[in-house]
Amino acid sequence: MEEPVAKYKEICQWVKKHLENGELKPGDRIESEHKLCSRFGVSRQTVRHAIAVLEEEGIVRRHRGSGTYINDMEKAPPKKERTMQIAVMTTFVQEYIFSSIIRELEAQFSEAEYSLQISVTNNSVEKERFILKNILNKNTVDGLIAETTRSGLPNPNLGIYQNIMERGIPVLFINSYYPHLNAPHVSLNDKLAGKLVTEYLLQQGHRDIAAIFKCDDGQGHQRYAGYLEALMEANAKINDRCVVWVDTELMSAIDKGAPWLFGRIEGCTACVCYNDEVASKLLSLCKASHIRVPEDLSVISIDNSDMASYCEVPLTSAENPIQDMAKIAALEMLDLINGKEVPYSTELEGGIVARSSVAPLVQMPYGL
């Protein structure tokens, strides 16, 4: 029994067949992405992948704002040579989980004889824009693996990503993604992670559960959604006053707002933290304010980074399988470069790693 033909190949074969029988001629405009999606019952990503393959073969050319046209094969430009370079753009490089992601990407691409061009945005939209324009103008990479910049906010750079993809350079997001951009991503299932840590606290008897999330990253919104879902399913109280939102800048200076922070979460017996970095800062604030963890306040976080083990009170944290994430991202990028289709969404899951920062509820909450 023959294996089914990949959808993007069906589109390529359809264009080539119409070219061979004369229904399409050099200079003709092929059907729009929308019509091809309807004809073949596929996503825009699949259609764009097919067109990118046809463009690489010299069969079609794309004109921005106009459409895709059949090339005159005798005048077609030569096929773009592989550069064996992959652009990797992350928000940070030496901090937190990012160095582990880059090490795994380097290991995977080195085995495939690719080298990396690493850029860092420092979670700045302007720096992201500069890097993307550089990639677009130089046109010296075969693919881009990007970590999003402030994905919880509207982003003015999505058009540049789109231009890069239209140039035939595949884009894949890691650790998060832009929901309005049609590009594949590999990440943690952030909503599930937020739900798991909240359920763990509920299982320990906690009902008044505070939370600290990042507002400018998409992961923060997803983890908050999981937190809410767990509370609602348990018929536990949802107190908006006890949910604290921070952005990148505020998180670095959160110690200056300790009285305000503790005023928000007063009366709670436990706190869900956006990640281990936020949780570590909360532990330091608790120590300075003579709030005992976990006796007075249980603290749980997400990512299970090295930081979780080395805190003064080792953190209970949900796993973020970053090594698997980076490996899958590298393999999917190689598939994209080689004209293969990959899943639009690959979201990984991890369990709870229990340490010392959470205790069963046996005492009254601090401040009462």
Which ³J(HN,Hα) values, rounded to whole Hz and listed in residue order, are derived for region 178-187 from phi using the Karplus coefficients 6.51, -1.76 and 1.60 in 6.51 cos²θ - 1.76 cosθ + 1.60 with θ = phi - 60°, glycine and proline given as x?
9, x, 8, 10, 7, 9, x, 9, 10, 7
Taking the full set of protein chains and a 1.4 angstrom probe, give the accessible area of LEU228 in square angstrom, rounded to the nearest 10.
40 Å²
Helix 44-56: angle to the longest alpha-carbon principal axis of the chain, degrees 0 to 90, nearest 10?
40 degrees
Amide H contacts under 5 Å for VAL60, placed H, 5+ residues apart
GLU55, ASN71
Would you mind checking the tilt of helix 190-203 against the longest principal axis of the Cα atoms of the chain, expressed as 0 to 90 degrees and rounded to 10?
20 degrees
Using a cut-off of under 15 Å, list every residue of region 310-335 whose amide N is near the label point 7 Å from the Cα of ALA112 along the Cα-to-beta-carbon line.
325-335
Candidate values [x] 1.17; [y] 1.26; [z] 0.96, label of the one derived for Cα Rg over 2.2 N^0.38 Å:
[x]
Once each part is reduced to its C-alpha centroid, what is the distance from region 173-216 to region 250-292 in angstrom?
19 Å
How far apart, in nm, are the 7 Å Cα→Cβ label points at ARG29 and MET232?
4.5 nm
Placed amide H near LEU348: partners under 5 Å, 5+ positions off or other chain:
SER187, LEU188, ASN189
Would you be so kind as to identify which of LEU315, TYR227, MET89 lies farthest towards the positive end of the dipole of the chain, taking Lys and Arg as +1 and Asp and Glu as -1 on Cβ and the Cα centre as origin?
MET89
Note, region 83-89: 3J(HN,Hα) by Karplus (6.51, -1.76, 1.60, θ = phi - 60°), whole Hz, Gly/Pro = x, goes 9, 6, 10, 10, 7, 10, 10
Determine the calculated [θ] at 222 nm for the chain from helices alone, applying -39500 (n - 2.57) to every DSSP H run no shorter than 4 residues and normalising by the residue count; nearest 500 deg cm²/dmol.
-12500 deg cm²/dmol
Going by amide H atoms built from the backbone, whose H comes under 5 Å of the H on LEU24, apart from near neighbours?
LEU19
Using the heavy atoms of the protein chains alone and a 1.4 angstrom probe, what is the accessible area of the chain per residue in square angstrom?
47 Å²
Counting only protein heavy atoms, what percent of the accessible surface of the chain is carbon or sulfur at a 1.4 Å probe?
50 percent
Calculate one ³J(HN,Hα) per residue across region 154-164 by plugging θ = phi - 60° into the Karplus curve 6.51 cos²θ - 1.76 cosθ + 1.60, and present them in order as whole Hz with x for glycine and proline.
x, 10, x, 9, 4, x, 6, 4, 4, 4, 4
Heads up, region 267-368 by the C-alpha gyration tensor (a ≥ b ≥ c square roots of eigenvalues; a/c under 1.5 rounded, else a/b over b/c prolate, else oblate) looks prolate
Length gained if LYS340 through SER289 is fully extended, taking 0.36 nm per residue and subtracting the Cα-Cα distance, is 12.8 nm
Working from Cα positions, state the angle (0 to 90°, nearest 10) between the long axis of helix 7-20 and the longest principal axis of the chain.
20 degrees
Too long for a 27 Å Cα-Cα cut-off, among LYS127/LYS195; LYS9/LYS35; LYS9/LYS138; LYS35/LYS191, are LYS127/LYS195; LYS9/LYS138; LYS35/LYS191
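The values are calculated or read from the model by the stated rules, or taken from the named source; none is laboratory data. Keep in mind that what you see is a predicted model, and the values were worked out from it rather than measured. Because the Cβ atoms are built from the backbone with ideal geometry, glycine has one as well, and the counts that use them run over all protein chains shown. Keep in mind that these areas ignore ligands, DNA and RNA; they rest on the heavy atoms of the full protein, side chains included. Shrake-Rupley method; radii C 1.70, N 1.55, O 1.52, S 1.80 Å.
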